[in-house]
Amino acid sequence: MGFQYDDDVPVAIRSEVPAPKARTNRLLPWAVGGAIAVFAIGAWAVSQRPPAETDTVTAPSDPLTAPSDSLLGHRSYADAPAAVLTPLASNPDIRLRTTAARAFNDLQTAAARDGVQLLPLSGFRSKQEQRSLFFDVKAERNQSVTERASVSAPPGYSEHHTGYAIDIGDAQAPNTHLETTFEQTAAFRWLQANAKRFNFELSFPRNNPQQVSYEPWHWRFVGDVESLRLFYGDRGTPAAQ
């Protein structure tokens, strides 16, 4: 059907074809509304998408609760260089770091003056020696790893590697060597009263933070900066005392 003119419109004007009214004025609100709807739907879809790996933010570990360089309650130590090890005066087969060896010689001499015979049982041990002591004895005694670790450190985690640790016995009570009954000897009582004067301390007292079995025979030298760094530096809670 063609365009109908009103009879009241003059003929001259009728001959001109009127321009159609623009429809954009009607469609614009609908177009804008549709675009908003599409954007909203797209935003909702994105919000429902599982986050990619790159979207995941992992919180940094707490340095106070992060695991330390330890294994089964024992801290890691490197072997002391052979050049810094010195044989003990009373037993050349047992070596300690030079500063620790001299201090033990003085400790032993002082104890002898008081009628107490301190006997060195073990000093520096390499990782290879500790490997045999840990795994071979574990097998012989049919122990679990945790059972063995409560009485002996795994290789690489023994204080004996440092050259500062020494096992001490009472020469007059050999049946107490490397036993908790050593605490009943004159040697242990003397060490408790005097060892600190020579910069020795008990490594594993009862209820120690490392939860290593009580070892009244195991002492360590803490009389120089290197020993303090090894046993107390940047390790959090000290291993003992």
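The values are calculated or read from the model by the stated rules, or taken from the named source; none is laboratory data. Predicted model only: the values in this text are computed from it and were never measured. For neighbour counting, all protein chains shown are included, and Cβ atoms are generated from backbone atoms with ideal geometry for every residue, glycine included. To get the accessible areas, we keep the full protein, side chains included, count just its heavy atoms, and leave off ligands, DNA and RNA. Shrake-Rupley method; radii C 1.70, N 1.55, O 1.52, S 1.80 Å.
Couple of notes before you dig in:
- When the range 176-232 is filtered for residues that are among the basic types (Lys, Arg) and in contact with a helix residue (DSSP H, G or I) (Cβ under 6 Å, 6 or more places away or on another chain), only ARG220 remains.
- Subset tally (residues that are within 22 Å of ALA171 (Cα to Cα) and assigned to a loop (DSSP other than H, G, I, E, B)) for the range 69-102: 7
- Scan of the range 122-140 for residues that are under 22 Å from the mean Cα position of the chain (by Cα) and crowded, with 19+ Cβ neighbours inside 10 Å, ordered by number: GLN130, PHE134
- Close pairs (7 angstrom Cβ cut-off, 6 or more residues apart or separate chains): closer than 10 Å to ILE168 by Cα and touching a residue at least 60 places away in the same chain (Cβ under 8 Å) in the range 210-224, open to solvent by less than 10 Å² (accessible area, probe 1.4 Å) and small (Gly, Ala, Ser) anywhere: TRP217/GLY169
- Residue check for LEU119: closer than 21 Å to PHE182 by Cβ, open to solvent by 40 Å² or more (accessible area, probe 1.4 Å) and in a strand (DSSP E or B): yes
- Some residue of the range 105-115 being assigned to a loop (DSSP other than H, G, I, E, B), surrounded by 10 or more Cβ atoms within 10 Å (Cβ to Cβ) and modelled with pLDDT of 95 or more: yes
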